[in-house]
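Contents: one structure, followed by commentary.
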Amino acid sequence: MAPRKSNTATGPRQNRKRLSSPERRVQIADAARQAFLGSGRDGVSTHQIAEAAGVNVALVYQHFRSSSELFDVSVLQTLEALLVARVAEIEEILRTKAGARDQLMTLHQSMLELVIEAGPMLGMALFTDQDSGRAFYRDRLEPIVLSFLDRSISALPGWSGYPASSAEVARMILGIDLTFALHANLGGADIDIPQVATELADFMLLGWLESGAPA
């Protein structure tokens, strides 16, 4: 007599975890972000994202109404959250530093680490499309990063004696650090971040001392 077959399901389906709707949305967004980072915003189709996420296209559209929304959630909102979190961390570190040199070194090192880490997403956010790049800079990057740098510079010991505005110096710092991020991410350079941060801080302090402001 042949043995009875078990009614228990076997195979991959048995161990497959059923995701909640929020978990599935995160899974699709994560897959989309990796696809966008690898091929650019215009080089990725919804079919490719669905395949990378292991779902069908219809399910992608259940969670995201358009490719624009998918790009905003997977890249722009992720980048914004990263910037907010890192800026908060840097502000906490700066509170532990005394003296303009230590604060400037810490500021440059932390900003270099941030923009190099965020470089690929920043590149897509700012340069994929001119209009959306301007909007991201105006509505997200400037209020988060430049405002933080402005506050940090104006709070430096003895800053009131420096001839330039803190807003101008904030833009200078962001521009310099973004240049190093491009060099690292696109040029493949191995940046010695602590050394570069020290040199940038000393360069700024040299101008500061020449202006007659206390260091």
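Express in nm, to one decimal, how much length is gained between residue 95 and residue 56 on full extension, taking 0.36 nm for each residue of separation and deducting their alpha carbon distance.
Full-extension gain reported as 9.1 nm.
Quick one: what do you get for the chain if you divide its Cα Rg by 2.2 N^0.38 Å?
Taking the Cα Rg and dividing by 2.2 N^0.38 Å, one obtains 1.39.
If you keep only loop residues by DSSP, which trypsin sites (Lys or Arg not before Pro) in the stretch 18-95 have at most 16 other Cβ atoms within 10 Å of their Cβ? Please report the intermediate quantities before stating the final value.
Values: sites: 18, 24, 25, 33, 41, 65, 86, 95; in loops: 18, 65, 95.
Answer by residue number: 18, 65, 95.
Can you tell me the relative contact order of the chain? Whole percent, Cα pairs under 8 Å, sequence separation 6 or more.
For the chain, the relative contact order is 21 percent.
Using every Cα-Cα pair within the stretch 36-76, state what percent have a distance larger than 15 Å.
35
Any chance you could list the semi-axes, whole Å, largest first, of the equivalent ellipsoid that the Cα gyration tensor gives for the stretch 126-171, using √(5λ)?
Ellipsoid semi-axes (Å, largest first): 28, 9, 6.
Relative to the present Cα-Cα distance, how much length would full extension add between residue 179 and residue 138 at 0.36 nm per residue of separation?
12.8 nm
Taking only the C-alpha atoms, wrap a convex hull around the stretch 161-211 and report its volume per residue in Å³ as a whole number.
Dividing the Cα hull volume of the stretch 161-211 by its residues yields 67 Å³.
What list of ³J(HN,Hα) values in whole Hz, one per residue of the stretch 47-58 in order, does the Karplus curve 6.51 cos²θ - 1.76 cosθ + 1.60 (θ = phi - 60°) give from phi, with Gly and Pro shown as x?
Here the 3J(HN,Hα) series is 4, 5, 5, 4, 5, 5, 7, x, 10, 8, 4, 4 Hz.
Values in this text are rule-based calculations from the coordinates and carry no lab data. The model shown is predicted, which means the values in this text are computed figures rather than measured ones. Reconstructed Cβ throughout: ideal geometry from the backbone, glycine too, with neighbour counts over all protein chains shown.
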